[in-house]
Amino acid sequence: MALPETPESNPIDYIDDEDFISLDIPLEMAGERLDKVLAGSLPDYSRNRLKAWVEAGAVMVDGKVTKARYLLHGGESVKVFPQEMPEQFAFNPEDIPLDVVYEDEDIIVVNKPPGLVVHPAAGNWSGTLLNGLLFYYPELKSLPRAGIVHRLDKDTSGLMVVARTSQAQTSLVRQLQERTVGRRYLAWVWGDAPSQGKVLASVGRDQRDRLKMSAGSPQGKPAATLFRRLAKGLVGEAAVTLLECRLETGRTHQIRVHLESLGFPLVGDPVYRKKVPGVAKNLSFNRQALHAFALSLQHPVKHELMTWFRLPPQDLLDLLPQVGMSDEVLPKESVVLASIENEAR
C-alpha cells in the first residue's frame, strides 16, 4: 500500500507501513468532528497526540488525508497510522560537551553554558543538558528527569547539581523544598539599583502572555529574592548596576521577573524589557545577563557542606567594559566561599 502524503505532499516515515488502526464511523456520528471522534474511539492516546497525527497526515478518511476539524458524514472508513512522537526520543543519550565541576558516586555539579536547554520540552526534544548527561552517565536513565532537580533558563549560565542515585535525588529535592540550597547569581540590570533589598512577590503565569511570568500574580506561588549591589556603571548616560542575587525560592524566571518589577530589567533580556533605555541597542549582548556563580548544599550522603564557585563565561566578561566595569568588580572565590561557610555555622 502506498504511504499517504502530508498536506504539503511530503512522504511520512511510518513505524510500519501496514501497522494502522482501522475505524468504521457509525452513521449516527454524522456531523461530528474527526478529532472528537478519534479522542472518543482511541482513549489510550491523548487528544494532542491524535491531533498531531492528523496534522502530520497520518490519519486517512476514506483513503484521503484531511483536517482535524473535518465533519464526518457517517459510514467512513478511517485509518490511523500511529507515529513516534518527538518526546519518545527525548531521553536519548547525545554526545554534548559538559563542563563537569564536580562528581562523585552520588552527585554531579555542572557549569551550564548559555544557550543550552536543561530538559527536553516542546521545541527542544533533543540537544539538551539531560541528553548530554545520559551520554556520560547512562545510569541516570533510571531516575526521574535523569536526576535533574532544578533548572536554569536556556540563556542563563552557571552551576547546577544533578543526582546520581534515588537517595541523593530525594535529599536534594528536600533541601530545595526547605530552602537550604544556596544559589547566588550575578545580574547586570538597567538602572541605578539600591545598595540592597528583598523582593517578596508571588510569581505566576502572565494572564495576557502565556510565554511570560508576572510578579504579584494572585494565582502565583510565593517567591523571595534578595539582592545587593556590587558595582555601578554607565552606557552613555544610562545607569547599569551589577547585583548579587540570592534565591530563597526557585520559581520560573524568578530573578528576571522580580527585578523587572522593581524597574530594573536585566541587560540583554529579550522578554522582560520594561524601562530598557534606548542605548541598549548599542550593546553587543543578546541574552539575559544572568549567571549562577555559587552553589552550596549539604552532601546527600556525606552530610557535609559543599560549595562551588565559577566566574561568568566569556560573553559576560566581554560585557564588563561595555557597561563601564572591570573584572575587579566580580566576587572573589575565597570571599564568597568563606561567607557561605560562616552562614552555615
Unit charges on C-beta of K, R, D, E only; dipole of the range 215-275, Debye: 80 debye
message: Classify the range 231-345 from the C-alpha gyration tensor, please: rounded if a/c falls under 1.5, else prolate or oblate depending on whether a/b exceeds b/c.
response: prolate
- prompt: Which whole-angstrom value gives the distance between the alpha carbon centres of the range 158-186 and the range 253-281?
  reply: 27 Å
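Can you check what the net charge comes to around PRO194, using other residues whose Cβ is under 10 Å from the Cβ of PRO194 (Lys, Arg +1; Asp, Glu -1)?
Details: positive: ARG228, ARG229; negative: ASP192.
So the surrounding residues net to +1.
Using a 1.4 angstrom probe on the protein heavy atoms only, line up ILE108, ILE21 by accessible area, largest first. It would help to have the intermediate numbers written out before the result.
Details: ILE108 0, ILE21 40 Å².
Descending accessible area places them as ILE21, ILE108.
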field: Anchor LYS64: lysines whose Cα lies under 19 Å away (excluding residues fewer than 8 positions away in-chain)
entry: LYS36, LYS51, LYS79
- prompt: GNM, the chain, Cα, under 10 Å: largest mean-square fluctuation among LYS275, LYS141, LYS302?
  reply: LYS302
message: What does the net charge come to around PRO265 if you take all other residues with beta carbon closer than 9 Å to its beta carbon, with K and R at +1 and D and E at -1?
response: +2
query: By DSSP, what percent of the beta bridges with both residues in the chain are antiparallel, rounded to the nearest 5?
result: 95 percent
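So for MET325, MET29, what's the accessible-area order with a 1.4 Å probe, most first? Please report the intermediate quantities before stating the final value.
Values: MET325 15, MET29 60 Å².
Most to least solvent-accessible, the answer reads MET29, MET325.
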Amide H within-cut-off set for LEU234, under 5 Å, with H built and near neighbours excluded: VAL240, GLY324
222 nm mean residue ellipticity, helices alone, for the chain (DSSP H n ≥ 4; -39,500 (n - 2.57); rounded to 500): -5500 deg cm²/dmol
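Which entries of LYS154/LYS198; LYS198/LYS332; LYS212/LYS275; LYS232/LYS332; LYS112/LYS232 show an alpha-carbon separation above 19 angstrom in the structure shown? Mind showing how you got there, number by number?
On the way: LYS154/LYS198 25 Å; LYS198/LYS332 23 Å; LYS212/LYS275 17 Å; LYS232/LYS332 17 Å; LYS112/LYS232 27 Å.
Violating the 19 Å limit, Cα to Cα: LYS154/LYS198; LYS198/LYS332; LYS112/LYS232.
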message: As an exercise, identify the GluC sites (Glu not before Pro) in the range 231-264 lying in DSSP coil whose Cβ has no more than 11 other Cβ atoms within 10 Å.
response: GLU237
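Got the relative contact order for the range 249-333 handy, in percent, Cα pairs under 8 Å and 6 or more residues apart? Write out the running numbers ahead of the final one.
Values: 74 pairs, mean separation 14.9, N = 85.
Rounded, it is 18 percent for the range 249-333.
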message: Given contacts defined as C-alpha pairs under 8 Å and at least six residues apart, what's the relative contact order of the chain, whole-number percent?
response: 12 percent
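Can you bin the chain into rounded, prolate or oblate? Criterion: square roots of the alpha carbon gyration tensor eigenvalues sorted a ≥ b ≥ c, rounded for a/c under 1.5, prolate for a/b above b/c, oblate for the rest. Could you put the intermediate results ahead of the total?
Numbers: a/c = 2.51, a/b = 1.86, b/c = 1.35.
The shape class here is prolate.
Which value, in debye to the nearest 20, gives the size of the charge dipole of the chain about its Cα centre, when Lys and Arg are +1 and Asp and Glu are -1 at the Cβ? Mind showing how you got there, number by number?
On the way: 40 positive and 44 negative charges, 396 e Å.
For this selection, approximately 1900 debye.
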- prompt: Sorted by packing (mean other beta-carbon atoms within 10 Å per residue), highest first, where do 223-234, 40-51 land?
  reply: 223-234, 40-51
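The values are calculated or read from the model by the stated rules, or taken from the named source; none is laboratory data. Everything numeric in this text was worked out from a predicted model, so none of it was measured. Cβ atoms come from the backbone with ideal geometry, glycine included; neighbour counts cover every protein chain shown. Accessible surface is based on the protein model in full, side chains and every heavy atom, while ligands, DNA and RNA are left aside. Shrake-Rupley method; radii C 1.70, N 1.55, O 1.52, S 1.80 Å.
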